[in-house]
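Participant: Supplied in structure tokens, the structure appears directly below.
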Amino acid sequence: MTPEERQAFEEELYTFVGRPLHPEPKRSYDAVNEAMIRHWAEVMGDKNPAYTNAEWAASSRRGELIAPPAMMYAWNQEGYAVAAEGRPSDGLSDLVAYFDQHGFTGSLGTNVDQEFFAEAKIGDALFEDAIIEEISEQKVTARGRGYFLQTLAKFTNQSGELIGTQRFRVFKFIPPEAPPKAAASGASEELEVPTRIHAPRGQDNGWWWDACDEGKVLIQRCKNCQTLRHPPRPMCGECQSTDWDSVQSTLDGEIFSFVEMHYPKFPGYKYPLIVAVISLAEGTRIISNVVGIDSQDVKIGMKVKGKVEQVDEKTMLPQFYPVEA
Amino acid sequence: MSICDKTAIVGIANTEFSKNSGRSELQLAAEATRDALADAGLKPSDVDGMTTFTMDNTDEIELARAVGIGDLRFYSRVPHGGGAATGLIHQAVMAVASGMAECIVCYRSLNGRSGHRYSSGVSGPLLTADAIHWGWYTPYGLMTPASWVAMYSQRYMHLTEQCQEAMFEIAHVQREYAAKNPAALFYEQPFTLDDYENAKRIVSPLKLLDCCLESDGGSAVIITTAERAKDLKHKPVAIKGVGQAAAANMESMTSFYRPEIAAIPSMDIAAREAYQQSGLTPDDIDAAVIYDAFTPIVLWQLESWGFCESYKAPQFVLDGALRSDGRLPTNTHGGQLSEAYIHGVNGIVEAAKLVRGSSVNQPAKHIENVLVTSGVGVPTGGALLGSL
Amino acid sequence: MDYQTLKYADVSVGDKLAALDIDISSSLISCGALATRDFEPCHHVPKVAQDMGLPDVFMNILTSQALMARFVTDWSGPEAVMKALKVKLGAPNVPGMVMTVTGEVSEKDDDNRVVTVNVTGENNIWGMHMEGSVSVQLL
């Protein structure tokens, strides 16, 4: 889009703000009813007797059944026509089409905020009165470049009593590239459970990780001057020898420093997640996790003992536990 | 031969700072370069050299062609992220003082918010030899800039008193400066102690307001000979000394294997070098722009540059030293915590303004010499700027 | 069956709700969509979801809302009156995942006897699926 095109696009875009979705409040196809509530409650695993147990409800403070508040939006949904014929046009679909025509074809619901002012009862008809409330300035998110649009829907019953409101926020964006085609056969693939991010294994470090896979933490030792070194490197900085072997660490250690990771969280890692610099009894240091302790109890100088454990399906790592005093 | 007073910064510019520049990094670099040349009163054809970061995505020759710069006879890049900032000056000074080039653009531009965000860490696909290095840390989850700095910070807190209070003071003083700087992303947005304490935890002991911004923008400075500088538009900003260093037993961000990690020996060396070249001492330095990706790293650098004893920086800061009327007004633009994060090069622009006397928050006292530093945890450096 | 509803005075900010693991199956996704009258094909036709770049059908928003609401009313008891349900959406829920829902009381409004519970639902593959809050008026 050239700067002129963008200006023209936005000028028209913001005229959508305030437009209603429907020419007049849209009435739910069915009145609030026990059958649809039961269907919903079964699927959601919701055993709340306020929704489905008429006998209990009669003796409750309310004296009757109510519809689950979270169903508020469901009553006015279009239904099977959406699958059979596509979504019928309304004020929102006009806006979506306008976005789509200009390349903002990506669509992502980001927030739904509902507020409830009264409980819907069996027999209530719900009327949905909705507008396009807001369109943001252009934003860039991890998904791409686009605009947030927000609709505001008000739900009232047949006597005009306000049941609740819903604000729905959608990000309309230019998808960075065509989405990858998953599972062309149509059959669902096994989902891959994420694991920790591994070190690539090269000539200078692969042997260390191979030993770790077998449950051992090794420390590289210069064969010439016996100096220990970690992380491994191909030459001894003391005597420049390239001959080396290794010793196995007892994993007796002491916490030299530590952090607790909060944000961002990475898939494949278990939180709370404490990472520490640990001084090993052999004299070298290692970075590892401290586990089996509340984060607020971790202290510099604390004695720890490590063992190599399988931390996920694919990863063996040393993990350090506090040593009982 | 010392390089002191052989070269000068004669042109400076930033683009606007934002969360979404809406244009390419090349364009940001070109705008900053064009504006820095205009600030100096130079033409694109005067430029014959360029320096930038290895991390910068804009090619020297693309930038030269975009701006209409002609023949280049010097170009050089400095590695290690923000550790490169004053390295651009280091390279330029060597080239100009030795006659290898006469007029050099030092530039950096990034869409650090709308494009790749550094806070996402090194968890993505790693394609470089770096991967083996990060591989000692990623399996345990230590993989963001905040996490590496937090590790040093915890140790420093253990060895000092009132570190947490000093971290707040740094964040707060800089936000006060930014609140008065119309170019800053946090212009007119001060915060309170409550805001600071209740902010999201990032990596303990660091919370959100201990961490710098991620932003879009470009910065450029022009360096030429002292002689030529005298005939240009603004008061020349002489380069008195500039050091660059990687101390022994260094890893990029993860030098956890030194006897003590609550210090930055690389900056000690850079400081020694710069003081030696310039003949200046800490007492001669009137203001500073200290690299501030995270609040604690300001403390360690104050020690490296000799403004206070080791492990005494928290008290130095809590005495009000960084404030406008303090011993060492610091990060008067708001810093990377509160103005914008342009990898320290917006800091060089601010340091030059302090020498010129044109900072938006220019302290009342006379400013003769100003320190500006690069990012730490990585190989780093710093430069001493002053009047010619 | 005897149903209990929490008393406002018995709840404190910081109280944690017992975590709930929900197996995300194709049935839950498709039937949840239909139970909320959401007939968008991406919630019941795998091919349509795959053309959108996902491995399989994915959970519709109304089901996520329902699960978050249920998580809190299971804790509060049936006489509690829901006042607000705010959901921020993250990574999709697709079949084969397990979503762990956790919650903590974050706010108390004495004048209205309303408590707000912050809730997160994280799946074991892609992480955060939903985070938000449910406010309920207690006895």
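The values are calculated or read from the model by the stated rules, or taken from the named source; none is laboratory data. Please read all numbers here as calculations on a predicted model, not as lab measurements. We place every Cβ from the backbone using ideal geometry, glycine too, and count neighbours over all the protein chains shown.
Participant: Kindly indicate whether B:Thr254 is not in a loop (DSSP other than H, G, I, E, B) and not hydrophobic (A, V, I, L, M, F, W, C).
Facilitator: Answer is no for this residue.
Participant: Further question on the same structure: Is it the case, given these coordinates, that A:Ala54 is more than 8 Å from chain C (Cβ to nearest Cβ), of a type in the set (Gly, Ala, Ser) and touching a Gly at 6+ places or on another chain (Cβ under 7 Å)?
Facilitator: For A:Ala54, the condition - more than 8 Å from chain C (Cβ to nearest Cβ), of a type in the set (Gly, Ala, Ser) and touching a Gly at 6+ places or on another chain (Cβ under 7 Å) - is not met.
Participant: Filtering the stretch C:108-133 down to residues that are away from chain A (no Cβ under 11 Å) and crowded, with 22+ Cβ neighbours inside 10 Å, which residue is farthest from the chain's Cα centre (by Cα)?
Facilitator: Checked the stretch C:108-133; the qualifying residue farthest from the chain's Cα centre (by Cα) is C:Val115.
Participant: Checking A:Lys305 against (1) out of contact with any Leu (no Cβ under 8 Å at 6 or more places or on another chain); (2) closer than 28 Å to B:Asn249 by Cα; (3) basic (Lys, Arg): exactly one of these is not met. Which one?
Facilitator: Of everything listed in (1) out of contact with any Leu (no Cβ under 8 Å at 6 or more places or on another chain); (2) closer than 28 Å to B:Asn249 by Cα; (3) basic (Lys, Arg), A:Lys305 misses just condition (1).
Participant: Could we say that C:Ser12 is more than 7 Å from chain A (Cβ to nearest Cβ) and either free of Cβ contacts under 8 Å to residues at least 24 places away in the same chain or in a helix (DSSP H, G or I) (or both) here?
Facilitator: no
Participant: I've got another one for you. Spot the failing condition for A:Ala142; the list is (1) hydrophobic (A, V, I, L, M, F, W, C); (2) touching a residue at least 40 places away in the same chain (Cβ under 8 Å); (3) surrounded by fewer than 19 Cβ atoms within 10 Å (Cβ to Cβ); (4) within 30 Å of B:Gly22 (Cα to Cα), and only one is missed.
Facilitator: (2)
Participant: Right, another one. Among the residues of the stretch B:2-12 satisfying the criterion of being hydrophobic (A, V, I, L, M, F, W, C) and out of contact with any Leu (no Cβ under 8 Å at 6 or more places or on another chain), which is farthest from the other protein chains (Cβ to nearest Cβ)?
Facilitator: Restricting to residues being hydrophobic (A, V, I, L, M, F, W, C) and out of contact with any Leu (no Cβ under 8 Å at 6 or more places or on another chain), the top hit is B:Cys4.
Participant: Would you check if there is a residue in the stretch B:35-51 being at pLDDT below 95 and surrounded by fewer than 24 Cβ atoms within 10 Å (Cβ to Cβ)?
Facilitator: No, the stretch B:35-51 contains no residue that is at pLDDT below 95 and surrounded by fewer than 24 Cβ atoms within 10 Å (Cβ to Cβ).
Participant: Does the stretch B:230-243 hold any residues that are touching a residue at least 40 places away in the same chain (Cβ under 8 Å) and either surrounded by fewer than 24 Cβ atoms within 10 Å (Cβ to Cβ) or basic (Lys, Arg) (or both), and which are they?
Facilitator: Matches in the stretch B:230-243: B:Lys230, B:Leu232, B:Lys233, B:His234, B:Lys235, B:Ala238, B:Lys240.
Participant: For the stretch C:19-49, what are the residues that are more than 16 Å from A:Gly79 (Cβ to Cβ), assigned to a helix (DSSP H, G or I), in contact with a Ser or Thr (Cβ under 9 Å, 6 or more places away or on another chain) and among the hydrophobic types (A, V, I, L, M, F, W, C)?
Facilitator: Selection gives C:Leu28, C:Ile29.
Participant: Of the residues C:Val72, C:Val105, C:Val136, which is more than 8 Å from chain A (Cβ to nearest Cβ), within 16 Å of the chain's Cα centre (by Cα), assigned to a strand (DSSP E or B) and within 29 Å of A:Ala35 (Cα to Cα)?
Facilitator: C:Val136
Participant: Criterion first (surrounded by fewer than 18 Cβ atoms within 10 Å (Cβ to Cβ), over 30 Å from A:Ala54 (Cα atoms) and away from chain A (no Cβ under 11 Å)) does C:Asp21 satisfy it?
Facilitator: Judged against the criteria, C:Asp21 is not a match.
Participant: Test A:Lys307 against the stated conditions and say whether it is in contact with a strand residue (DSSP E or B) (Cβ under 7 Å, 6 or more places away or on another chain), more than 9 Å from chain B (Cβ to nearest Cβ), of a type in the set (D, E, K, R) and touching a residue at least 24 places away in the same chain (Cβ under 8 Å).
Facilitator: yes
Participant: Another question, then. Residues being polar (S, T, N, Q), under 18 Å from C:Leu89 (Cα atoms) and at pLDDT 95 or above: count how many of those fall in the stretch C:111-134.
Facilitator: 3
Participant: From the list B:Ala247, B:Ala313, which one is at pLDDT 95 or above and surrounded by fewer than 18 Cβ atoms within 10 Å (Cβ to Cβ)?
Facilitator: B:Ala247
Participant: Ok, one more. Do we have A:Arg19 as modelled with pLDDT of 95 or more, under 25 Å from C:Gly32 (Cα atoms) and charged (D, E, K, R) here?
Facilitator: In short, no.
Participant: Right, next: So in the stretch A:196-228, with the set limited to residues that are touching an Asp or Glu at 6+ places or on another chain (Cβ under 9 Å) and outside the structural domain of A:Thr284 (by TED's automatic domain parsing), which one is modelled with the lowest pLDDT?
Facilitator: Once the filter is applied, the top-ranked residue is A:Arg201.
Participant: May I ask you to list the residues in the stretch B:144-178 that are within 14 Å of chain A (Cβ to nearest Cβ) and either basic (Lys, Arg) or not in a helix (DSSP H, G or I) (or both)?
Facilitator: Residues satisfying the conditions are B:Thr144, B:Arg155, B:Thr160.
Participant: Let me ask something additional. Based on this model, can you work out whether B:Val360 counts as in a helix (DSSP H, G or I) and farther than 19 Å from B:Gly82 by Cβ?
Facilitator: no
Participant: Moving on to the next point. Search the stretch B:197-229 for residues being part of a helix (DSSP H, G or I) and in contact (Cβ under 8 Å) with a residue 40 or more places away in the chain, and hand back the single one that is farthest from B:Ala383 (Cα to Cα).
Facilitator: B:Leu209
Participant: Give the residue, chosen from A:Ile274, A:Ile197, A:Ile286, that is touching a Pro at 6+ places or on another chain (Cβ under 9 Å), β-branched (Val, Ile, Thr), surrounded by 18 or more Cβ atoms within 10 Å (Cβ to Cβ) and closer than 30 Å to C:Ile24 by Cβ.
Facilitator: A:Ile197
Participant: Suppose we filter the stretch C:25-77 for residues that are of a type in the set (Val, Ile, Thr), over 21 Å from A:Arg169 (Cα atoms) and buried (at least 22 other Cβ atoms within 10 Å of the Cβ); how many remain?
Facilitator: Matching residues across the stretch C:25-77 total 4.
Participant: Would you pick out the residues in the stretch B:110-143 that are facing chain A (nearest Cβ under 8 Å), at pLDDT below 85 and part of a helix (DSSP H, G or I)?
Facilitator: B:Ser120, B:Ala131, B:Ile132
Participant: Scanning for something in contact with a helix residue (DSSP H, G or I) (Cβ under 6 Å, 6 or more places away or on another chain) and on the phi < 0 side of the Ramachandran plot, does the stretch A:227-246 turn up at least one residue?
Facilitator: Checked the stretch A:227-246: at least one residue is in contact with a helix residue (DSSP H, G or I) (Cβ under 6 Å, 6 or more places away or on another chain) and on the phi < 0 side of the Ramachandran plot.
Participant: Out of the residues in the stretch A:109-133 that are within 12 Å of chain C (Cβ to nearest Cβ), outside any loop (DSSP other than H, G, I, E, B) and touching a helix residue (DSSP H, G or I) at 6+ places or on another chain (Cβ under 8 Å), state the one that is nearest to C:Met59 (Cα to Cα).
Facilitator: So the residue we want is A:Gly109.
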